[in-house]
Structure formats: structure tokens, C-alpha cells
Amino acid sequence: MAAAVGIGRFCYTPLLPSMQEALGWTVSQAGDVASANFLGYMVGALAAAALARRPARRFWLSAGMVLSAITTTAGTVIIDFPAWVGLRFCSGVASALCLVLGTAMIMEFLVSRSRAPLGALHFSGVGGGIVVSVLVIELARGAGLSVFGQWGTLGLTASALFASAGLIMWTLLTRTTAGGSAASRAASDHVFMTGLLKRLIAAYGLFGFGYIVTATFIVAMARRLDYATLIEPLTWMVVGVLAAPSVLAWQRLAQRFGMFPTLRLAYGVEAAGVLLAGFASGPVAVVAGGAMLGGTFMGITALGLSAARQVTTRHQDSVIGWMTASFGLGQLLGPAIAGRLAHMTQGFAVPSIVAALLLMVGIVLLWSVEHDSAG
């Protein structure tokens, strides 16, 4: 998770301002490259949904890990805009394969040993990867490497993480069946979409749009402020530091107050953080917005998938894929629309308002799912 998502997927955010300077991209182009990554993420999630309960899933998880390392390292030599679009698309496919298949296999292993709460450590890898990416980028900059050299350094770091993760995972997962239980493999692959599940999937997609506007552009927002050289890495570092423990914190809140009330609270906190970062006129505001983003987005990711498991009783691994695909669709639309709105309005206030409003719609959908499921 640290290598495929924390680095492979999210390192684009701290590198974006330097890439715009080096390659002459507009905000719209930067948003389009981000959207290509999330289109790949959606495609990868749909593919992973079909693979999650098949014996070949180990092969495809390995393929995703290798592809993620390659596409991160390849940033060293790519210059053309169309090539970057294709590269980030492939990176998105790889990230989704790693997240969906890795999560399915790890959670199956933990549940079989009555250690499901340790899943929070699995998701915390994303925050850890974000922190590592900031440290690697700053060290590479200090050594005089260009943004392209920074991509290469991150690629080597991701490769090392994948190698160690692969050794650990294959040692553990050889103790479980390759494709789930025999009954699960014999069952139909069709996922019955109830009204509750459809609304939950829609709310998850709105979360994807709502958070990604800030997650893509927050470092670019920081670059517009005084002391940008300090605020840029600090802002993204705060996101990662708070993302790592947030999953466990939100899980404990859910155990005490209920899954859906906790999800609605997290959506609300995130919406406030999106607005704070979008309207930030000083470093404190943008760092606080990053803190609210980091403190919620992985918690919502994990709780949303847990909620889907509650709503459906069959093919839960495949449902994770559909949830992730909806999440990917929201992410696909978010940067492209936000980039154009930011270009038109010369600021991030308007796209942040749109993102926050969609998160509010998500809160309404979550309330309706809880209300109807209780009834």
C-alpha cells in the first residue's frame, strides 16, 4: 500500500508544481494527467473486481506491483504530455490491482485468524508511503536532482518496498487458499445490486470527487503562499502523518457510535478541510486543510469498504472492486473539472466549493442507507 498508493499514486501531488515549471503545463493539463491516473484506477478496480475470487489473483497482484514500480521509475525519462497521460493511466491500473487484490487477500488472511482489526495497519501503509515520498523528494532535491531525478529516486524506493512486501505476503498467504473457499469459487460472479448498495456506491464515488480536488492540488495551492519552499513539503507531510493512524481512530469511533454516523462525520470534516484549503490565504489555513484531508480520507476509504461488507452478504470481495471503481470514477472527474474551473477562475475556491457540496450530497446518501437498512 505504501509503494503502490502512497508513492505510486500520490507522489504526483508533491511533484506537480515542479513538473508544471519544467514541462510548462497549465492547471488544466495537470488535471488531465491526474484524471488519466484515476481513469486507470477505475479500469484496474473493475478488472480486480472480476479477479478478486479467482486463483490467478496472486499473479495479477504481482503484476500490479511490478507495473507500479516501472511506471513510477519511468517518470525519469518521460517528457511528452501524451506520454505522461499514458504513463499515469498505467500507474492507476497498477494501484487499483494492488489495493483491491491486496486488500482482499490480506483481509481474508486476517479474518481466518480472527485478527480483522489489524486491517487498519494495512491501510495505514498509504500514509506511511506519503511520508516516505516527501522525505525522498526533499533528499533528492537537496542532492541537486531535477524533478525527473526525483521520480527515479521514488521508483527505486517503491521497488525496494515492493520487494520486501512481496516476500512477507507470499510467506503469509501461502497458508491460505489461493482463491477463497470452494463454495465461494463455485458461486456466481454476479453481484446483486440492491438499492442500498447502489446508494452506498454512489456516496463512495462522491467521496472520490470530493477529496481528490484537494489531494491533487493542495501542494500547488501551497506554492502560491509566502514561504512556499517550507509550506509545500510540510503540507503534504501532514497529510501522510495523519493518514497513517487515522484508519484505526475512525474504526474505534465506528465501534462506539456506529458505522454510518461515523462515516457522515468523516465526510463533514473532510468537506470543511476542502473548503479551508481552497480558500486558504495563509500557511496555517492550507496546512490545517491538509491535516483535515489526511485525517479523514483513508479512514473513509476503509470504513466505506467495511460498510459495503455490511450491506451485502455475497461476493464481498467483488463489491470492494465495485466500490473502488465508483471511487475511481469520482477521482477521474475531479481533477479534470477542478483544473478547468481553477484555470477559468484563477483560483481553487470554486472547485473546492463544488467538491464540498458533493461531499454533503454523500452525507445525505449515507443517511438514507442507514435509515432504510434499519427499517
Tell me whether region 273-296 contains one or more residues that are crowded, with 17+ Cβ neighbours inside 10 Å and under 20 Å from residue 200 (Cα atoms).
yes
Within region 19-37, tally of residues that are farther than 18 Å from residue 348 by Cβ and crowded, with 21+ Cβ neighbours inside 10 Å:
2
Across (1) of a type outside the set (Gly, Ala, Ser); (2) over 26 Å from residue 290 (Cα atoms); (3) in contact with a helix residue (DSSP H, G or I) (Cβ under 6 Å, 6 or more places away or on another chain), residue 42 clears everything bar (2)
Picking from 129, 86, 92, the residue that is assigned to a helix (DSSP H, G or I), farther than 23 Å from residue 333 by Cα, touching a residue at least 24 places away in the same chain (Cβ under 8 Å) and of a type in the set (Gly, Ala, Ser) would be 129
Identify the residue in region 246-270 that is of a type outside the set (Val, Ile, Thr) and either closer than 17 Å to residue 288 by Cα or in contact with a His (Cβ under 6 Å, 6 or more places away or on another chain) (or both) and, among all such residues, is surrounded by the fewest Cβ atoms within 10 Å (Cβ to Cβ).
268
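Conditions tested, residue by residue: (1) more than 17 Å from residue 367 (Cα to Cα); (2) aliphatic (A, V, I, L, M).
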{"residue": "207", "(1), (2)": "no, no"}
{"residue": "219", "(1), (2)": "yes, yes"}
{"residue": "237", "(1), (2)": "yes, yes"}
{"residue": "241", "(1), (2)": "yes, yes"}
{"residue": "289", "(1), (2)": "yes, no"}
{"residue": "299", "(1), (2)": "yes, no"}
{"residue": "304", "(1), (2)": "no, no"}
Out of curiosity, is residue 40 at positive phi and free of Cβ contacts under 8 Å to residues at least 60 places away in the same chain?
no
Given 202, 165, which one is within 21 Å of the chain's Cα centre (by Cα), farther than 29 Å from residue 368 by Cα and modelled with pLDDT of 75 or more?
165
Mind listing whichever residues of region 137-172 are free of Cβ contacts under 8 Å to residues at least 40 places away in the same chain and surrounded by 15 or more Cβ atoms within 10 Å (Cβ to Cβ)?
140, 141, 145, 153
Six or more apart or on different chains, Cβ atoms under 6 Å: show the pairs whose first residue is in region 277-289 and free of Cβ contacts under 8 Å to residues at least 12 places away in the same chain and whose second is among the aliphatic types (A, V, I, L, M).
285/276
Tell me whether region 312-324 contains one or more residues that are more than 17 Å from residue 48 (Cα to Cα), assigned to a helix (DSSP H, G or I) and modelled with pLDDT of 80 or more.
no
Quick test for you: out of 59, 89, pick the one residue that is under 15 Å from the mean Cα position of the chain (by Cα) and not aliphatic (A, V, I, L, M).
89
Would you mind finding the one in 266, 222 that is assigned to a helix (DSSP H, G or I) and under 22 Å from residue 26 (Cβ atoms)?
222
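Every residue, every condition in (1) among the basic types (Lys, Arg); (2) under 19 Å from the mean Cα position of the chain (by Cα); (3) closer than 17 Å to residue 7 by Cβ, yes or no:
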site: 44; (1), (2), (3): no, yes, yes
site: 49; (1), (2), (3): no, yes, no
site: 53; (1), (2), (3): yes, no, no
site: 64; (1), (2), (3): no, yes, yes
site: 94; (1), (2), (3): no, yes, yes
site: 114; (1), (2), (3): no, no, no
Test residue 271 against the stated conditions and say whether it is in contact (Cβ under 8 Å) with a residue 12 or more places away in the chain, on the phi < 0 side of the Ramachandran plot and small (Gly, Ala, Ser).
yes
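So that you can scan it fast, the table gives a plain yes or no per residue for (1) at pLDDT below 90; (2) of a type in the set (Gly, Ala, Ser):
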| residue | (1), (2) |
| --- | --- |
| 217 | yes, no |
| 261 | no, no |
| 266 | no, yes |
| 280 | yes, yes |
| 283 | yes, no |
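The values are calculated or read from the model by the stated rules, or taken from the named source; none is laboratory data. These numbers come from a predicted model, not from an experiment. Ideal geometry is used to build each Cβ from the backbone, glycine not excepted, and the neighbour counts take in all protein chains shown.
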